[in-house]
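Structure first, then comments.
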Amino acid sequence: ADREHREALYYLAVCQRQQGLNKEAIDTLKALTEAHPDYGRAHQEKAYNFIALKQLSDATAAFERAVALNPALLASWRALCARYEQLNQSSKLSEARARVQSLEAMPKQLQSVASLTYEGKLFIAEQ
């Protein structure tokens, strides 16, 4: 039930963001990350909401947290490339670009398995 609760909160936040309810989504994600602090996708979703609210430094920090927890989050690495380029942070940009290239070189199925593994969904990844 705990994992189901985690997924329900995550999808609620995604729906809230898609409806433009970014502050509500962030509140949902705060509750989610308090209960599941190592859930990388939740931090990625939080970053998308921060972008919508023009809170770019918070978005950057959330994307960084997301990839620290789940290095297979390609969308977060791509977003970090854009942010690091804007901020002229060349060493971080080089690392992020290398991660993007490495992930893009993987077959899609392997990308999915890697991400599921980092999210603790080993049973799904094994299938």
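The values are calculated or read from the model by the stated rules, or taken from the named source; none is laboratory data. A quick note: this is a predicted structure, and the numbers were derived from the prediction, not measured. A quick note on method: Cβ atoms are made from the backbone with ideal geometry, for glycine too, and the neighbour counts reach across all protein chains shown.
Quick check on my filter: what residues within the range 32-45 are part of a helix (DSSP H, G or I) and either surrounded by 14 or more Cβ atoms within 10 Å (Cβ to Cβ) or not small (Gly, Ala, Ser) (or both)?
If the condition is that a residue be part of a helix (DSSP H, G or I) and either surrounded by 14 or more Cβ atoms within 10 Å (Cβ to Cβ) or not small (Gly, Ala, Ser) (or both), then LEU32, THR33, GLU34, GLY40, ARG41, ALA42, HIS43, GLN44, GLU45 are the ones that fit.
Would the range 46-55 turn up any residue that is closer than 17 Å to VAL14 by Cα, modelled with pLDDT of 95 or more and small (Gly, Ala, Ser)?
yes
Hey, can you tell me all the residues within the range 47-87 that are among the basic types (Lys, Arg), surrounded by fewer than 19 Cβ atoms within 10 Å (Cβ to Cβ) and touching a helix residue (DSSP H, G or I) at 6+ places or on another chain (Cβ under 7 Å)?
Matches in the range 47-87: ARG78 only.
If I filter the range 104-118 for residues that are in contact with a His (Cβ under 7 Å, 6 or more places away or on another chain) and either polar (S, T, N, Q) or modelled with pLDDT of 95 or more (or both), do I get at least one hit?
No; the residues of the range 104-118 include none that is in contact with a His (Cβ under 7 Å, 6 or more places away or on another chain) and either polar (S, T, N, Q) or modelled with pLDDT of 95 or more (or both).
Of the conditions (1) touching a helix residue (DSSP H, G or I) at 6+ places or on another chain (Cβ under 7 Å); (2) free of Cβ contacts under 8 Å to residues at least 40 places away in the same chain, TYR39 clears all except one; give me its number.
(2)
Say we look at the range 66-111 and pick out the residues that are part of a helix (DSSP H, G or I), under 21 Å from PRO37 (Cα atoms) and not aliphatic (A, V, I, L, M); which of these is farthest from the chain's Cα centre (by Cα)?
TRP77
Under 6 Å between Cβ atoms, which residue pairs at least 6 apart in sequence (or on different chains) link something in the range 1-13 that is within 17 Å of ALA66 (Cβ to Cβ) and surrounded by 13 or more Cβ atoms within 10 Å (Cβ to Cβ) with a partner that is among the hydroxyl-bearing types (Ser, Thr, Tyr) and modelled with pLDDT of 90 or more?
From the range 1-13, the pairs are LEU9/THR28; ALA13/THR28.
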